[in-house]
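What follows is a short report on a single structure.
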Amino acid sequence: MSISADQKMDLLVSLAKRRGFVYPDSEIYGGFANAWDYGPYGTELKNNIRDAWWNMFVRGRDDVIGLDAPIIQNPKMWEASGHVQNFTDPLVDCKKCKRRFRADHLLEARQAEPGYDKERPADLKDLRCPECGGELTDVRSFNMMFKTFVGVTEDAAGAAYLRPETAGGMFTAFKDIRDTMRKRLPFGVAQVGKAFRNEITPGNFIFRTREFEQMEIEYFVRPEDAPRAFEMWLGEMKKWLGEVLHIKDENLYYHEIPDSERAFYSVRTIDVEYRYPFGLKELYGLANRTDYDLKRHQEYSKQDLRWMDPETGEKLIPHVIEPTWGLNRTVLVTLLEHLDIDEADTTEGDKEPRMVLRLPPRLAPVKAAFLPLQKKDELARICRQLAAELRYQGIPVEYDEGGSIGKRYRRQDEIGTPWCFTADFESLEDMKVTVRDRDAMTQERIKIQDVASWVQDKLKK
Ligand code: GAP
């Protein structure tokens, strides 16, 4: 069944709350703009995505190693990186209704309007408040870093920042990693963790929030190797999207950022964009950052950050290819991509719409559910024992005996559980249970003793 873009976002936000994926944060106090709680299933999904990423790009490779740097680091690093000076958003306020907007977003919206005349491009001065039509103030630069104070007094000497990206820690730790890890170029350093930006524009659910998680790699290369490494990481990002998240190619767009729009230090940037219900927007990024970062940190720290070729003795500042993935946007895209409505049979033999999350089994928060067909001790015992056996093997499963079997299936479909096992009175005779496939809704009987290995095998595929 096709779902319209508008419907999809509404369906997702309500399913996310109803089924414990994502709740509005601090709801008892009226909520908090752009802040969300990941509920029990959302937390599992996010953890599964993070683990899959770490396994694929760190544990699964010989040339990438991990790091975990603090959120609050020496503030000098943000001067070196250029964030103190340049990490700004252009803001305007409405003089009438006092609402605040990002000027670049208003301009983009204007350019997307039907009938927009490209021959006569709109200027920021032509813009009016999109809410009330009021006059807007001049554009002001607003630094998006959250400032805080370290120590007991709130004075300039103690000022520090919550990191606006995880990348910085990989550069400040470069010297120690270089000196201790015996890596040869090319090699990468990976980090997953929270980043903070004082976003002031509406977030589209979890798309844009003030606090979010990034999964980033700084891949250090010889300058002449940078174009190859860029292509290699583009290929890896595509593989991740296709083979791990199962995102259809038609929903992705690889946006080659033109020279005029790229950060000045980048010689090539591709934004990986996704067709969200609210438009084609950024999901991930890939940039060739040249030697900008290490050079700046070398200059500001006065430390030698060159790398020495052990064979030739040549010393050089490595160039950096940076693939970056937003974890929360990955959760959003995974949910959007796999949310579907089809039809299921009711117990009365009719058809009814069924909402289902067709999550890749590796990412699903619950892998299997055990549902005794009736609330009878013998059937409950079979299901409880199977659930305990799988849990013991580290596989997250659920046991549920409450309500009609149809309702219990619907609940598991909506949280994306790939397989539901039911025990019935026949199970007591033939020692078999029925397994129902979430997507095909086909049923198959398998021996109770084979259930754990059956699930293990399926999860390997
Ligand atoms: N180190 C490079 C860097 O931080 P970025 O494009 O600013 O690049 C990387 O951020 C990724 O982080 C984005 O592609 C997006 O997935 C995610 N991201 C950025 N800002 C975000 C926000 N406010 N909320 C959620 N995710 C965000």
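The values are calculated or read from the model by the stated rules, or taken from the named source; none is laboratory data. Keep in mind it's a predicted model, so treat the numbers as computed, not measured. Neighbour counts are summed over all protein chains in view; Cβ atoms, including those assigned to glycine, are modelled from backbone coordinates with ideal geometry. Just so you know, the surface numbers come from the protein's heavy atoms only, side chains and all, with ligands and any DNA or RNA stripped out. Shrake-Rupley method; radii C 1.70, N 1.55, O 1.52, S 1.80 Å.
Working note: Debye formula, equal point scatterers on the alpha-carbon atoms of the range 276-429, no solvent; log10 I(q)/I(0) at q = 0.17 Å⁻¹ is -1.05.
The listed residues ASP179, ASP293 rank as ASP179, ASP293 when sorted by accessible area, largest first, using a 1.4 Å probe. With 26 Å as the limit, the listed pairs LYS248/LYS460; LYS8/LYS351; LYS8/LYS95; LYS183/LYS458; LYS194/LYS238 have LYS8/LYS95; LYS183/LYS458 beyond it between alpha carbons.
Report the antiparallel proportion of the DSSP beta bridges in the range 369-441 as a percent, rounded to a multiple of 5. If I count the DSSP bridges inside the range 369-441, around 40 percent turn out antiparallel.
When the convex hull of its Cα atoms is viewed from all sides, the chain shows a mean projected area of 28.7 nm². Using the rule -39500 (n - 2.57) for each DSSP H run of four or more residues, divided by the residues of the chain, the 222 nm mean residue ellipticity is -9000 deg cm²/dmol. Restricting attention to the chain, close to 85% of DSSP beta bridges with both partner residues there are antiparallel.
Think of a 1.4 Å ball rolled over the protein heavy atoms: the range 205-261 then has 45 Å² of accessible area per residue. Checking every one of the GluC sites (Glu not before Pro) in the range 267-328 against DSSP loop status and a limit of 16 other Cβ atoms within 10 Å picks out GLU311, GLU314. Rounded to two decimals, the Cα-based Rg/Rh of the range 14-104, with Kirkwood Rh, is 1.11. Residue ranking by accessible heavy-atom surface, 1.4 Å probe, largest first, among ARG110, ARG102, ARG408 comes out as ARG110, ARG102, ARG408. Packing, taken as the mean count of other beta carbons within 10 Å per residue, orders the peptides 10-23, 323-336 from highest to lowest as 323-336, 10-23.
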